[in-house]
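The values are calculated or read from the model by the stated rules, or taken from the named source; none is laboratory data. Not measured: the values here are computed from a predicted model. FYI the Cβ positions are ideal-geometry reconstructions off the backbone, even for glycines, and counts take in every protein chain you see.
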Amino acid sequence: MSDLLSVDDALARLLEDAAPLGAETVDIAAAGGRVLAQDVVAQRTQPPFDASAMDGYAVRADDISDLPATLRVIGESIAGKRFVGDLNPGEAVRIFTGAPVPQGADTVLLQEDARRMPDGGVEVLEATERGRHIRRAGLDFSKGDRLLEPGRWLDAAALSLAAAGNHAHLAVVRQPLVAVLATGTELVAPGALPGPDQIVASNGLGIGLLAREAGAAVLDLGIAPDDRDVIASAVSRAVDAGADIVVTLGGASVGDHDLVREVLTGQGMSLDFWKIRMRPGKPLMFGRFGTRRVLGLPGNPVSSLVCAHLFLRPLIARLAGIEWRPDIRSATLAAAMKANDHRQDYVRAKVTEEAAGLVATPFDTQDSSMLTTLADANALIVREPHAPGAAKGAACRVLMLR
């Protein structure tokens with residue numbers, strides 16, 4: 001089996017020249033979860049004026065330094081509608097959080113430190129030092145400041161900051177377009193009535209969701225039977241749509257009806273590798289149409305989803321400009337495991353957090369067609385080729401799925 005690529009070597013070849021795609025400008029409402037391609041520079045100052053940080057009264061510090069003190073309330077300033085006029089000695093303006101501080105005021109007296117008088121004035125109960133509870137203009141940023149740099153992932157805070165800088169559109173790294181094609185005469189769409197020898201296609205939806213979660217846009221090419229012309233037509237649709245990654249499900253093995261590899265190479269695909277030293281997912285295929293990448297995933301649902309976690313996710317992240325690292329942690333085994341063979345094994349498991357750390361419980365049955373165990377699993381125990389048997393309580397590595 002020395003001709004089979006290791007998982008690490010296959011991933012390295014897959015990502016060898018993958019780089020962020022070109023930039024596109026999108027509405028800021030659609031930019032969340034994307035990666036910036038250009039600087040974001042503030043187009044305004046924030047706050048644009050001295051603003052109250054609390055509800056209370058805008059006053060002059062000199063007027064409340066000696067107690068008792070009473071002030072005449074001459075108006076109010078609310079967020080979105082300032083008090084127009086100047087504040088003179090002995091006067092106060094009722095003010096609310098976010099409202100502009102009137103001219104002449106230099107302090108905000110908290111409303112709990114004051115008592116409104118029957119005549120409409122206000123009695124000062126607690127002295128407040130000059131400048132308290134005022135957010136000065138430009139406290140957050142000033143016009144022309146660089147708020148965000150290229151390569152920044154637009155999470156909730158970064159997206160809000162760009163909006164505060166008055167940007168309605170942002171230049172972001174283009175999302176990779178992933179075209180997903182399920183193949184097999186035995187497949188029907190969910191909800192359809194399968195024939196006596198057919199099954200419901202399941203993994204295409206999961207692969208599409210995983211691709212979107214990783215940062216891609218997805219083109220669902222549906223199901224192609226084991227027919228060269230139909231498969232070729234579907235692949236042509238992906239190419240015409242500008243897909244950056246064409247993902248095929250099934251049909252890339254060695255059976256008489258596994259036609260995907262033959263059709264793709266006939267359409268000009270340069271085959272990089274086929275078959276890798278892992279379980280589940282040995283019949284993994286990778287090739288290229290120029291800069292377009294083709295990833296042939298196994299047809300078995302668990303195999304395809306495990307391979308998508310290991311190979312499709314990092315490829316999408318690299319093209320989308322997103323930093324990606326597999327979530328691999330240390331754990332101990334809740335059950336003994338037998339010696340491994342020549343393939344790197346990814347064992348579905350349930351990982352729980354105990355007082356002594358993470359504990360991984362492998363499922364008894366690991367057949368690559370069984371989605372129930374993958375749905376119940378939150379991790380994969382990673383076992384190296386030729387790993388010896390491991391006792392209960394032995395250390396292991398786990399790849400967290402969620």
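Things to note:
- Pairs where the first residue, in region 45-59, is crowded, with 24+ Cβ neighbours inside 10 Å and the second is acidic (D, E) and assigned to a loop (DSSP other than H, G, I, E, B), C-beta under 9 Å, 6+ apart: A58/D106; V59/D106
- Restricted to region 1-56, and to residues there that are within 27 Å of A214 (Cα to Cα) and basic (K, R), the residue that is nearest to the chain's Cα centre (by Cα) is R34.
- Filtered by the rule that a residue be outside any loop (DSSP other than H, G, I, E, B) and touching a helix residue (DSSP H, G or I) at 6+ places or on another chain (Cβ under 8 Å), region 186-212 gives N203, G206, I207, L210, A211.
- Here A137, A156, A164 are screened, and the one residue that is loosely packed, with under 13 Cβ neighbours inside 10 Å and of a type in the set (A, V, I, L, M) is A156.
- Answer residue from region 253-267, given it is of a type outside the set (D, E), surrounded by fewer than 21 Cβ atoms within 10 Å (Cβ to Cβ) and outside any helix (DSSP H, G or I) and is modelled with the highest pLDDT among those: Q267
- Which listed residue, of A179, A232, is assigned by TED's automatic domain parsing to the domain that holds V306 and assigned to a strand (DSSP E or B): A179
- When every residue of region 286-298 is checked against the conditions, none turns out to be more than 30 Å from G184 (Cβ to Cβ) and either surrounded by fewer than 18 Cβ atoms within 10 Å (Cβ to Cβ) or within 23 Å of the chain's Cα centre (by Cα) (or both).
- Selection count, region 70-95, where residues are crowded, with 17+ Cβ neighbours inside 10 Å and either hydrophobic (A, V, I, L, M, F, W, C) or in a loop (DSSP other than H, G, I, E, B) (or both): 9
- Checking L15, L36 one by one, the residue that is touching a Pro at 6+ places or on another chain (Cβ under 8 Å) and assigned by TED's automatic domain parsing to the domain that holds G215 is L15 and no other.
- From D113, D220, residue being under 31 Å from the mean Cα position of the chain (by Cα), of a type in the set (D, E) and not assigned by TED's automatic domain parsing to the domain that holds D39: D220
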